[in-house]
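This report concerns only the one structure given below.
The values are calculated or read from the model by the stated rules, or taken from the named source; none is laboratory data. What you see is a predicted model; the values in this text were computed from it and never measured. Glycine also receives a Cβ, built like all others from the backbone with ideal geometry; neighbour counts cover every protein chain displayed. For the accessible areas, the whole protein counts, side chains as well, though only heavy atoms, and no ligand, DNA or RNA atoms are used. Shrake-Rupley method; radii C 1.70, N 1.55, O 1.52, S 1.80 Å.
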Amino acid sequence: MIKHLFGDAPPPTDPRLMVNLTATLYNLIKQCQDVIHEAQALIEWERKRRPWDSLSTDEESLLKEAGKQIEDLFQACDDVHILMDERYGIDPAIHQHNWLLEARDLEIVITDPRELIRRERQEMLFAGGRAQ
């Protein structure tokens, strides 16, 4: 709630909906399925779309619905982390730390600004441009 009050997070889930970890995990699974469905719809839409066409009202609605489903998934993930902490004492910061370690090892994230600049220049050269 404090993070929400300072604008750093969405409002917390009603605690009455977070009765136990199993129910929260079932909700997470449902949210994942919803996001997969929306992502598949977006893939099909983008496959057919011409990049120079402007967005129609229906297309904008499709994108907004997908975004809402993604936010639902983020909230469901946060709820699982909160319950793991409340019920079993597993601090959510541990999950983030462990993810970050693996993401660095797999080069999913870039932690050094110089590396980001190097990769952008390399991408530009591969695309036929000139590095600055």
Item to complete: For the stretch 35-99, run through the chymotrypsin sites (Phe, Trp or Tyr not before Pro) and keep only the ones in DSSP coil with at most 12 other Cβ atoms within 10 Å of their Cβ.
Response: TRP52
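For the chain, which DSSP H helices look membrane-span-like by this rule: Cα extent along the axis of 24 Å or more and mean Kyte-Doolittle of at least -1.0?
Once both thresholds are applied, what remains is 21-48, 57-88.
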Item to complete: Mind checking which lysines have their Cα closer than 17 Å to the Cα of LYS68? Skip sequence neighbours fewer than 8 apart in that chain.
Response: LYS30
Worksheet, complete the sentence: For ILE90, ILE36, the accessible-area ranking with a 1.4 Å probe, largest leading, is ILE36, ILE90
Worksheet, complete the sentence: Candidate cut points under GluC sites (Glu not before Pro) in the stretch 29-132, DSSP loop plus at most 13 other Cβ atoms within 10 Å of their own Cβ, are GLU107
Practice prompt. Whole Å is fine, so just give me how far the alpha carbon centre of the stretch 7-45 lies from that of the stretch 66-95.
Written response: 9 Å
Practice prompt. Pull up all non-local amide H partners of ILE90: gap of 5 or more, or a different chain, and H-to-H distance under 5 Å with H placed in the peptide plane.
Written response: ASP85
Discussion item. Report the gain in length on full extension from ARG119 to ARG49: 0.36 nm times residue separation, minus Cα-Cα distance, nm rounded to one decimal.
Written reply: 22.3 nm
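Please work out how much length the chain gains when fully extended from THR22 to PHE126, using 0.36 nm per residue of separation minus the C-alpha to C-alpha distance, in nm with one decimal.
Length gained, THR22 through PHE126: 32.6 nm.
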Worksheet item: What percent does the relative contact order of the chain come to when contacts are Cα pairs within less than 8 Å and at least six residues apart?
Response: 21 percent
Fill in: Dimensions (Å) - the stretch 19-132, Cα atoms, principal axes, largest first
55, 41, 16
